[in-house]
Every structure is written in C-alpha cells, then in structure tokens.
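Only one structure is covered here, and it is reproduced in the block below.
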Amino acid sequence: MRREQIGIASGIDRVLVGNRSELDRIEQDLVGNIIVSRAGKADRPRNFDPKDFIIEDQKDVTVGRVPGKVNGQQFVIQNCENCNIYIFDHIATVTIDNCTNCNIFLGPIKTSVFIRTSKNCNLVVACQQFRTRDCNKINIFLFCGTQPIIEASSGMKFACFQYHYPQLEGQFKSAGLSVFSNTWGTIHDFDQDPSEQHYSNLPEGSKVEDFIPLPQTEDFSSMVISTSEADSVVPLTLGTRRKISDESCLIVFFNDGNNTNRALNFLDSMSKHKPGIALVQTKELDMKQSDAVRVFGTDSFNAIVERGPVIGLEFNGDGCVDTIQNELQQFMQGMTGLVFVSQSAHMVEKQLEDFYNFADMQMAI
C-alpha cells in the first residue's frame, strides 16, 4: 500500500500518514487528556468522573478496570513503572505515555491507541488504529483493523492477538471491530532505515502468558481468562511470516445471517482435523456486484454479495486446495449458505491478489 493511502484516525477526523503536521496536531489534542467523544457529553454517565478513566503515577502495583467500568469512554495511562495494568472493557480511545517495564492489556478500542515515550513493556491490544512514537523494546500481541504505525521507535516486536474472557466478543462488537479484519503484521515504519530494522515478529508460537501474567489480585477474581489459541476471540493468523508452502487457497463465506459463526466453526474444524494447514490472513468486507465480478471472475455471486459483508480466509500448506475442498464438503453437510473456494492451485494467486487488493482499496477509502 502506498504511503499516502495509509490512514489513521484520532477519534475526530481521518488524516493521511504522510501529513505529519496534522498527526502532530492530533497528538497534542490526545496526549494527557480525556477528550470529549464525537457525540459530546451526552454519552457520558451521569456520575462521570475523569479520574475513573486515568491510571497515572503508579509503581509496582496491579491495577485496572473490570467489564462495565469504562463502557466506551476514553482512557489515559501515564507515568507508570513496573505495573500490571488490565482494562477489561471496550474503550473509545487510549493514550499511553511514559510507561516503563509495564504489562498492559487493553480491551477493544473503537478508534486509536497511541503509545509514546515508553520502553520495556508488554502489551495485548485490540484497536482500529495503532501508533507508537519514541518507544523502545515493546512486545505487542496485536489486533489492528488498519496498518499499524511506528515512528521513532525501535525493538518493537509483534504477534497476533490471542485472548478470551466471556465478555470480550461482545466488547469487540461494541467497539465496531470485526475479529476477521486483523492486519497485525503489516507494520508501517515512519523512519524506515535499510541499515537498521526497527521492528520484527515475536517467535512463532509465542504465548501471551509468557509476557503478560494473568491478574491475581482480588479486584479481578471474577475474570475467567484464557490465552489459548483454541479459545481466542481473534483467529490466530500467520500474518507476514514466511509461508510454509507454495500452495495457498482462498475461501469466502457469503452473508446469510450466520456466516460469522460458520467461518469460526470452520476454522475450529481445520485446527482440529488439519493442523498442518496454516491460516495466513482473514478479512471481512462489503462488496458490490461489480466488485464481485472483478474479484471472482463471474457474476454468479452478484446477488449474494448484496446481503452483507463477506468473510475471506487465506490458507497455506502443501495440497491446500484439495484439503480445503474436502474439509469444506464435510463441514457444509446439512448447512445452507453460499461459499466460494479456490478450484485449482494455478488460479489461487490471482484470486488472492484480487480479493486482498480490493480489501486494501477499501481500507484506503
């Protein structure tokens, strides 16, 4: 994707990454302040206290918020050291400033998370936009709906978001995030230098619990948490890691009111029955009839794409196309709903390119 296409939003307006002065203006608006949301004060609770939405000047403690305590408001974390911080709720916008040696979990964020002047931290984050500035040595298990951005930062390591607690799926919906639209590995480095790599992936198989401990204090005793791949609300994807095979396969679940559950159940079936086939990336997006013809090369799906968002899954592995077709045939027995699947290995590359190029175009709009 071209630099000028990459977007980030402040919760107020969408701007272009290339427009540094505009981003700096937004930064001044965001950092260190609880900002009134776009809807104004009307969506604040009657007993609103800004101090309930700030964690600051803490050291050597475990603190945070349980579900229902933030409820879509904006949040600030600043000037903390050696802390475990857990925000188990959906949030409007988050800024993290001047934190050192902290472990931080952030529930689904409707707009952006902005991390500045922080170092030696571990994070689990789900957001629409992700940006760091002047950061060093941060490990992030990330869900991000757009291309993550780092600036003047180094030693940044990324992996796919993996987390579950009973309220988390509903919080993703409240934040307007699709669990299938995760671009965690497509990092944009503002200060890219051929002689120095500022970011990388965490080793494949990295576990959240090895970086961020589960909360043990009484305040979080009611939380039932799992960090296993099998339980995660967000599917584990390979992202930009090296693919295991030269053969891939595209499958698209069309919307009949149940395609989300069907896609998740199919992923569960693949994980159990075909663990040698890797999930590379996923995407949920809206399509028009003209888009369907361009992407699928036929007008057979024109009517079904008008019903709502479609969910695309890219798999990779030796014999992937035949494996997916056979597994899908067994999986779909007794079920309704149209599904597109690659029919031959030689057609897959163009199908994937057409589908995900279209997805990139939607992100740039």
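One table, with the values for the structure above:
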| item | result |
| --- | --- |
| Estimated dipole of the chain in Debye, rounded to 20 [Cβ of Lys and Arg +1, of Asp and Glu -1, Cα centre] | 560 debye |
| At R0 = 41 Å, FRET efficiency that the Cβ-Cβ distance of E209 and S290 yields, to 0.05 | 0.30 |
| Total charge dipole magnitude, the range 220-319, about the Cα centre, Cβ charges on Lys, Arg, Asp, Glu only, Debye to nearest 20 | 140 debye |
| Additional length obtainable on full extension of the chain from S271 to K243, 0.36 nm per residue less Cα span | 8.4 nm |
| Structure-derived mean projected area of the Cα convex hull in nm²: which label, when the choices are [x] 23.7; [y] 27.6; [z] 18.7 | [z] |
| Vicinal HN-Hα couplings computed from phi for the range 74-90 (Karplus, 6.51 cos²θ - 1.76 cosθ + 1.60; Hz; Gly/Pro x) | 8, 9, 10, 10, 8, 6, 10, 9, 6, 10, 9, 10, 10, 10, 8, 7, 7 |
| For the chain, calculated [θ]222 nm from helices alone, where every DSSP H run of n ≥ 4 adds -39500 (n - 2.57) | -6500 deg cm²/dmol |
| Under the Karplus curve 6.51 cos²θ - 1.76 cosθ + 1.60, θ = phi - 60°, whole-Hz ³J(HN,Hα) for the range 53-58, x wherever Gly or Pro sits | 10, 9, 10, 8, 6, 10 |
| Cα shape, the range 133-212, gyration tensor, a/c 1.5 rule | prolate |
| Anisotropy class of the range 135-288 from Cα gyration tensor, a/c 1.5 cut | oblate |
| Cut-off under 5 Å, modelled amide H: who pairs with A126 long-range | L106, I109, F143 |
| Three-way shape call for the range 220-319 based on the alpha-carbon gyration tensor, with the a/c threshold at 1.5 | oblate |
| Percent accessible area from carbon and sulfur atoms, the chain, protein chains only, probe 1.4 Å | 45 percent |
| Sequence-separation-based contact order of the chain, relative, with Cα cut under 8 Å and 6+ spacing, percent | 11 percent |
| Exposure rank, largest accessible area first [H346, H198; 1.4 Å] | H346, H198 |
| Distant-in-sequence amide H partners of T62 (H built 1.01 Å from N, under 5 Å) | N84 |
| Distant-in-sequence amide H partners of K137 (H built 1.01 Å from N, under 5 Å) | N120, S154, G155, M156 |
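The values are calculated or read from the model by the stated rules, or taken from the named source; none is laboratory data. If you're wondering where the values come from, they're calculated on a predicted model, not measured in any experiment. In this analysis, Cβ positions are derived from the backbone assuming ideal geometry, glycine residues included, and neighbour counts consider all displayed protein chains. When the accessible area is computed, the model is the full protein with side chains, heavy atoms only, and any ligands, DNA or RNA have been set aside. Shrake-Rupley method; radii C 1.70, N 1.55, O 1.52, S 1.80 Å.
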